[in-house]
Amino acid sequence: MEYLNGINALTLVFAALLIFAISYRIYGVFMAHKVLRLNAANQTPAVEFADGQDYVSTNKGVLFGHHFAAIAAAGPLVGPVLAAQFGYLPGTLWILIGCVLAGGVHDMVVLFASVRHKGESLASIARKEIGPTTGAIAGVAVLFILILTLAGLSLACISAMHEASWSLFTVIITMPIAIIMGLIMRYRQNSVTFASILGGVLLVAGIIGGHNLMQYEYINNLFHWDVKTISIAIAVYGFFASVLPIWLLLVPRDYLSTYLKIGTILMLAVGIVFVHPTLEMPALTPFIHGGGPIIGGPVLPFIFIVIACGAISGFHAVIATGTTPKMLANENEILFVGYGAMLVEGFVALMALIAACTLMPGDYFAINTPAAAYESFIAANPHLHAVDLQHFIDRIGVDLHGRTGGAVSLAVGMAHIFDKIPFMDDVMAYWYNFAIMFEAVFILTAIDAGTRVGRFFLQEMAGTVIPAFRNKNWLPGVIISSFLFTFSWGYLVYTGNVSSIWPLFGISNQLLAACGLIVCTTMLIRMNRGKYALCAAIPGVFMAVITFWAGYMQVMDVYLPQEQYLLASLAVLAMLLMLIVFIGAFKRWYELLKMDADHRDYYGESVKELVER
């Protein structure tokens, strides 16, 4: 394995680009034509139920921007950085293989299922495809996981923006810019290009101008918010993003944020081309067997839940059955939006892993090891002492010791690469703050879409008791559902009671991904896809087994020994709920496979397909 150590980061960049490009052209097209049999003649929910509020036929480029911004939250940034503890090789392999064979497939089949089911949620799909009991349990499980996810994402966003005036200013100005873009695209014909250019110019002006404006003490103080203030502000933003028409704030803001996200990642890739840094982290570290300061468990199975979004993510199912299917104009665009956005997210995850691994191992562990445990860690691993950390501290002006969670080490790694680009000398502090702001924008765009999807879930569930809630345009139902859902995760954020939910989030998120694949496999079997259904079934069953394994180890080896009984109970509850859903799905598979093919498909295909068959 020694020959894999010290390789050039450019090697991984080129390998990833080639693998993802080939996978899109071969496996993605195979999924679209053979497995799903996408048909442009089918009327999508955005066209059939167009209401100008939630069901809005959207330009595919804009929709791609919204979908990518919504799914690409903290996971593809923080997860790979934390997984660097095992070395760069395990994370790289899981990102490349998982993204192509599991994550991209998951996003495509879930989006397809929701489009064929009139834009309904994963719980509603489970209820129709498997049974009412399974659907109800799936609904509770998804809502439970979504609340934990948004609370955790919000805390990560707060940690990046509190008492950081320039970062907060840049995030805030994306909102009025987005509203301007939304109005232009809504009321001016063929205006996407104009709105995109205007939004991009205003965003760049805001980023550069914000840095200069923060030099004035009065303006700096206006945006120097503490943790509690930002906690309330994020919940308020989530509420309005959920209630306002989707074309006014949420979609154009996510579309605008995509410029920043993809632009920054491309800048990082260009930086790697210029600097061609060496990966200082070895291919494998001694911590692959467990006992690491960041992730206590072994690389197997924990690599599969630590990198919870860069390879496959259940949170994507929430978006792919929430906002995106209600805006898809053409069924054929599922390949571009679903599979394409997942591949881009995989590339983002790999860039984050590279940025972290270009740091000296000692600097990486000094940043990510809790301060209280650092001395004992160095005593046991004297070869992992800090090398360049003090240089970074002097250049950035921030004490970087013990800043756990991955975000800071990613920002330092990115700043370290950017700083070596020609003509970019002596601006490391600028790049560091830019990277922190970049991470905050990534997270916030998942919060707004996730909150809106949570509102859809609550309306569906409340509609079984009060039928008026089923009407997505009934304003009292919209406001009540939005308020209740926002309050549920906003309260957890404000009280700070979920600061240690990340391992639980990883387990719950990957169980949800397995749920999406297994539920949609049921639909594919019913639609007589035969052996092609294995494309979703195999990764679905794999993720279920591997995540139950990781969950068992987390509960027995971490939560219970540390007397974290609440977290242990929540983890067991999530696994139990999903186990019931899986058992219901497997029973349904058996029933469907026993049926005659002519009686299996009782709804879901187009009239043209039914006539042909």
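Got at least one residue in the range 291-304 being open to solvent by less than 10 Å² (accessible area, probe 1.4 Å), closer than 30 Å to N59 by Cα and not polar (S, T, N, Q)? Within the range 291-304, none of the residues are open to solvent by less than 10 Å² (accessible area, probe 1.4 Å), closer than 30 Å to N59 by Cα and not polar (S, T, N, Q). Of the residues A123, A151, the single one that is farther than 30 Å from L524 by Cα and open to solvent by less than 10 Å² (accessible area, probe 1.4 Å) is A151. In the range 9-31, the residues that are farther than 14 Å from L350 by Cβ reach residues that are assigned to a helix (DSSP H, G or I) and of a type in the set (V, I, T) with C-beta atoms within less than 8 angstrom, at least six apart or across chains, in these pairs: Y27/V100; M31/V105; M31/V109.
Test of understanding: among A386, A355, which residue is of a type outside the set (F, W, Y) and either assigned to a helix (DSSP H, G or I) or in contact (Cβ under 8 Å) with a residue 40 or more places away in the chain (or both)?
From the options A386, A355, the qualifying one is A355.
On the given criteria, is R452 of a type in the set (K, R), open to solvent by 20 Å² or more (accessible area, probe 1.4 Å) and at pLDDT 75 or above?
So R452 does not fit the description; no.
No other residue among A435, A411 is at pLDDT below 80 and either open to solvent by 20 Å² or more (accessible area, probe 1.4 Å) or among the aliphatic types (A, V, I, L, M) (or both) apart from A435. Of everything in the range 29-56 that is of a type in the set (D, E, K, R) and closer than 20 Å to G182 by Cβ, the residue that is surrounded by the most Cβ atoms within 10 Å (Cβ to Cβ) is D54.
Considering L146, L168, the condition of being buried (at least 22 other Cβ atoms within 10 Å of the Cβ) and closer than 30 Å to G200 by Cα is satisfied by L168 alone. Right, Y255: farther than 27 Å from A372 by Cα and either at pLDDT 80 or above or surrounded by 21 or more Cβ atoms within 10 Å (Cβ to Cβ) (or both) or not? When the stated conditions are applied, Y255 passes them. A single entry from F365, F392, F347 fulfils the requirement of being open to solvent by less than 70 Å² (accessible area, probe 1.4 Å), in contact with a helix residue (DSSP H, G or I) (Cβ under 7 Å, 6 or more places away or on another chain), farther than 24 Å from A73 by Cα and not acidic (D, E): F392.
The values are calculated or read from the model by the stated rules, or taken from the named source; none is laboratory data. Note that the structure is predicted; figures quoted are calculated from it, not measured. A quick note on method: Cβ atoms are made from the backbone with ideal geometry, for glycine too, and the neighbour counts reach across all protein chains shown. SASA here: full protein model, heavy atoms, side chains in, ligands and nucleic acids out. Shrake-Rupley method; radii C 1.70, N 1.55, O 1.52, S 1.80 Å.
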